[in-house]
Amino acid sequence: MSDVYVIGIDMIKFGRFPETSVPKLGATAAHLALDDAGLTINDIQALYSGNLGQAGAMVGQRILAEIGQTGIPVVNCANACATGATAFREGWMSIKAGVYDMVLCVGTEQMGKGLLGGGGGGKGIPTEGLLGSSTMPAIFAEAGMEHQRKYGTTFEQFAKVSVKNHHHSTLNPKAMYQIETPLETVMGAEMISYPNTKLMCSVNVDGAAAVVICSEEKARQLGKMDRAVRVKASVLTSDPYQERNLQMPDVNTCTQRAAKAAYEMAGVGPEDIDLVELHDCFATAEILHYGNLGLGKPEDAGRMVDEGETALGGRIPVNVSGGLLSKGHPLGATGIANIYEVSTHLRGEAGERQVEGARFGMTHVIGLGSACAIHVLEKVD
Amino acid sequence: MPLNAEDSETAGLLPVVPFLKIPDEGSPYLEGSRCTQCDTTFLGERSVCAKCGSREGLEPLALANHGELYVYSIVYRSFPGIEVPYVSAIVDLEGGGTVKGNLINIDPDPEKIKMGMPVDVIYEKAPRKDAEGNEYLTYYFQPKS
Ligand SMILES: [Zn+2]
């Protein structure tokens, strides 16, 4: 089986674009990725499209209608916040299987503002605020409190994740925000769901990201190996049964299992990874995943953020893009935007926020309910 | 006002969720299922075990009305019209079953709420009616008395 290579990848600057449409956002990203590869839609054999909000509305075909309706096969993917990564993985598998040798994967989302999640519905009375909360901030607050219960992690340590990621985003022109948020600002911001304040919740934004991937033979034939990035591992898991599942979604076990499988597939360990883009949908979530991804011991996660180990310049920089907390989280686009960030570092093209000498990078997303996708990418010498 | 076995205040109330049972005689309770193959306890009725995949031997049981607070969050921002702050709590019931609900009769303050603290399940008329004017019985958690 051929290795699979990223040969063109890009994302739009995340923001709020209510006047445009999902297919137009996707088309813009697709054009950027095709331009980055120096190719056109006529070179592409299949399209894998990830979008959540319009999962039933043939988004991939509508993107093609914007950029060239070539009649190629289109697969539309929806997998909660793992949607973009799932579309990427479907494309990766098609090349691994030898069915195609060059495909396009696009992730898009138009979000609007406001809370995600929600209770009630159907007959009867709404249960939100009566039987606890099913908002995303509360669910991830509770997941963070589980870490506090087990390891003593503090509100201040959770808040420091947000300080770090907001700082990183000041170096990323494609992030939604480029603003510093000192610790007292983060801790003093409006409390949404303790221990997550407003600045510790990911930003709902519109966005799109796209990538052209191909087989090794194709990359060599086209002379694209110079800036190519090798996909060393692609893993997708769902959450195995846990005793509290019905009331408390588990984002830990599926991540631990995916990480173990990804390290095995890539033939590397956590010590070999130079940067990680992980699913910081809330500041509490980032802390959980240090241990889940093997970046440190779970009980050390608070200390790791205290000592700057996961900041740019630290032992293992995490979310140097600004993360979902500050770059923004357009659900279906996030999984490909993460791959863009890591690929950009492996290409040595990340400018001010470049992780020097990066050879291996990891991307991680979680779709609640739950899906975990992890990719390991390698610089090509 | 908490309801007890002799209370007639449940008359005419509908259960807020299907796993809250209001028997004709006796006290309301939360219903679970237990897999007789692997001894796993679930909240609510089910016919297949999510742990071992067994399609047989899932038996209904009444879950305990006490347990311990596993984790919580204090919710300050919810959907429009929902009174805040309130404490969203995950409680492990004694003997099995995990339930989410509001923890009441305690200050919404991390200094006061201790993970691992014992709590009771209590049943009260819900402060909301549905569009047809039906009233509901709900459950809450409160610190063990
Ligand atoms: Zn079983």
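Coordinate-derived values only; no laboratory data. What you are looking at is a predicted structure, and each value in this text was computed from that prediction instead of being measured. Note that we place each Cβ from the backbone using ideal geometry, even for glycine, and neighbour counts take in every protein chain shown.
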What range in chain A is the longest one free of trypsin sites (Lys or Arg not before Pro) that are in a loop by DSSP and have at most 10 other Cβ atoms within 10 angstrom?
-> A:124-381
Listing A:Ser162, B:Ser47 by rising number of other beta-carbon atoms within 10 angstrom, fewest first, gives B:Ser47, A:Ser162
Can you pull the three principal axis extents for the Cα set of chain A, in Å, largest first?
-> 56, 51, 40
Region B:25-79: GluC sites (Glu not before Pro) in DSSP coil with no more than 16 other Cβ atoms inside 10 Å | B:Glu25, B:Glu45, B:Glu56
Compute the signed sum of charges (Lys and Arg +1, Asp and Glu -1) over the other residues within less than 15 Å, Cβ to Cβ, of A:Val229.
-> -2
Just rank A:Cys105, B:Cys38, B:Cys49, A:Cys281, fewest to most, by other beta-carbon atoms within 10 angstrom.
-> B:Cys38, B:Cys49, A:Cys281, A:Cys105
DSSP-defined beta bridges in region B:8-143 - what % are antiparallel, rounded to 5 = 90
Can you sort A:Met200, A:Met265, A:Met1, A:Met145 so the residue with the fewest Cβ neighbours within 10 Å comes first?
-> A:Met1, A:Met265, A:Met145, A:Met200
Please go through region A:293-373 and write out the GluC sites (Glu not before Pro) that DSSP classes as loop and that have at most 16 other C-beta atoms within 10 Å.
-> A:Glu307, A:Glu349, A:Glu356
Which is farthest toward the positive dipole end of region B:8-143 among B:Thr138, B:Pro118, B:Thr41, measuring Cα position about the Cα centre, with Cβ charges +1 (Lys, Arg) and -1 (Asp, Glu)?
-> B:Thr41
On average over all directions, what projected area in square nanometres does region B:8-143 have, based on the convex hull of its Cα atoms?
-> 9.7
About the Cα centre, charge dipole magnitude for region B:1-125 (Lys/Arg +1, Asp/Glu -1 at Cβ), debye | 580
Reachable lysines, given that their alpha-carbon falls under 18 Å from the alpha-carbon of A:Lys224 and they are not under 8 places away in the same chain = A:Lys232, A:Lys379
Please name whichever of A:Leu368, A:Leu346, A:Phe14 sits farthest to the positive end of the charge dipole of chain A, dipole taken about the Cα centre and charges placed at Cβ: Lys and Arg +1, Asp and Glu -1.
-> A:Leu368
Around A:Met248 (Cβ within 12 Å, Cβ-to-Cβ, excluding A:Met248; K/R +1, D/E -1) the net charge comes to -4
Given the C-alpha centroids of region B:92-119 and region A:299-331, what is the distance between them in whole angstrom?
-> 31
Which number gives the lysine pairs in region B:8-143 that have C-alpha atoms under 21 Å apart and are eight or more places apart or on different chains?
-> 8
Out of B:Thr10, B:Pro80, B:Val91, whose Cα points farthest toward the positive end of the dipole of region B:8-143 (charges: +1 Lys, Arg; -1 Asp, Glu; placed on Cβ)?
-> B:Pro80
If a cysteine in chain A has no other Cys Cβ under 4.7 Å from its own Cβ, put it on the list, ordered by number.
-> A:Cys77, A:Cys81, A:Cys105, A:Cys201, A:Cys214, A:Cys281
Hey, what did region B:8-143 get for relative contact order, percent, Cα under 8 Å, at least 6 apart?
-> 23
Residues other than A:Leu295 with Cβ under 10 Å of its Cβ, Lys/Arg counted +1 and Asp/Glu -1, net out at -1
